[in-house]
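The values are calculated or read from the model by the stated rules, or taken from the named source; none is laboratory data. Computed from a predicted model, the values in this text were never measured in an experiment. Every residue, glycine as well, gets a Cβ built from its backbone with ideal geometry; the counts of neighbours run over all protein chains shown. Protein only, heavy atoms only, side chains kept; ligands, DNA and RNA dropped before computing areas. Shrake-Rupley method; radii C 1.70, N 1.55, O 1.52, S 1.80 Å.
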Amino acid sequence: TNTGGKTSLSTTLMQAGHSLLTDDFLAVTLSERKALGHPGFPQMRMWPDLADYFLGGHADLPLVLPDTDKRRVPVQAGGLGSFCNEAKPLTRLYLPARVDDPGATVRVEHVPPQQALIELVRESFLGTVLEKAGLHRERFARLASLVGQVPMARLVYPSGLDRLPEVCAAIIADLEVDA
């Protein structure tokens, strides 16, 4: 989704020492044994207010597109964080669900596979393009296979950049349960 705070969460995780695999789009390949997430480009797309918060400014960052204020932020050693340039097994998919209640508790809610499939169909990129190309059945079958292999969770957390370390700690704790 465009309102979940993916960029803020990713940046906070990178500042904590984790590598970025991709920004907005995750390419996935499936085998019978595992799902692999493939690296995107070593950059993030960030709104000026987030660049100001995380980087101390945005004026020197190039625009993503001429008609938007969103900026390109390189991800590299010595910069914003590190980039992972190899495919990695997927162990969990998270749906960020930011809420406007500042007193809300950060929580991870595991999503049953049937609901996870609905969420993936709703959130996956190129859905209408694939449907028009006649590939919607294959897309649906691949998404169903993905939810059969990779658990999904809804990450519910309050708005506010000050809460991001708590949110990232919840993600890490959730992932450690399976380790």
Determine, yes or no, whether Glu123 is at pLDDT below 85, of a type in the set (Asp, Glu), within 21 Å of Lys6 (Cα to Cα) and under 18 Å from the mean Cα position of the chain (by Cα). yes
So Asp24 passes all but one of these: (1) under 19 Å from the mean Cα position of the chain (by Cα); (2) of a type in the set (Asp, Glu); (3) over 19 Å from Glu123 (Cβ atoms). Which condition number does it fail? (3)
Answer yes if at least one residue in the range 29-40 is under 25 Å from Val156 (Cβ atoms), at pLDDT below 95, in a loop (DSSP other than H, G, I, E, B) and not hydrophobic (A, V, I, L, M, F, W, C), and no otherwise. no
Take the conditions closer than 27 Å to Val156 by Cβ and in a loop (DSSP other than H, G, I, E, B) and apply them to Asp23. Does it pass? yes
Go through the range 45-102 residue by residue and tally those that are part of a loop (DSSP other than H, G, I, E, B), in contact with a Gly (Cβ under 7 Å, 6 or more places away or on another chain) and open to solvent by 60 Å² or more (accessible area, probe 1.4 Å). 1
Complete set of residues in the range 1-21 that are more than 11 Å from the chain's Cα centre (by Cα), of a type outside the set (Val, Ile, Thr) and open to solvent by less than 30 Å² (accessible area, probe 1.4 Å): Met14
